[in-house]
Amino acid sequence: MSGFDFPARARAPRQPSARFGPVVRELRESRGWSQEHLAGQASLNRSYMGEIERSAVMPSLATAEKLAHAFDVALSELISRCESAST
């Protein structure tokens, strides 16, 4: 024991980029779609969709646009959902 009391480290707020995958999953599930269906709508590979939803990969802006188009929302709305979900 060193005699010093260190304050518990506060957990950093999640960045919007870290929320992208969960937001995609929430939107997909709210529509009752499978990953395969969304992948088809967005012209993406189904296994890549799983990686996006698990936040194992960070999609490019072009891929984010494809997903927004598949959901029939503006890209800015998709990103906004990530920002509001991070608070």
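Each value in this text was obtained by applying a stated rule to the coordinates, not by laboratory testing. These numbers were taken from a predicted model, which means no experiment stands behind them. Reconstructed Cβ throughout: ideal geometry from the backbone, glycine too, with neighbour counts over all protein chains shown.
Just a few scattered comments:
- Summing charges over neighbours of Ala74, with a neighbour being any other residue whose Cβ is under 12 Å away from its Cβ, gives -2 when K and R count +1 and D and E count -1.
- Computed from point charges on the beta carbon alone (+1 for Lys and Arg, -1 for Asp and Glu), the dipole magnitude for segment 17-85 about its Cα centre is near 120 Debye.
- Judged by the mean number of other Cβ atoms found within 10 Å, the most tightly packed of the peptides 19-27, 53-61, 38-46, 75-83 leads the ranking 19-27, 38-46, 75-83, 53-61.
- Along principal axes, Cα extents of segment 17-85, largest first, whole Å: 27, 24, 22
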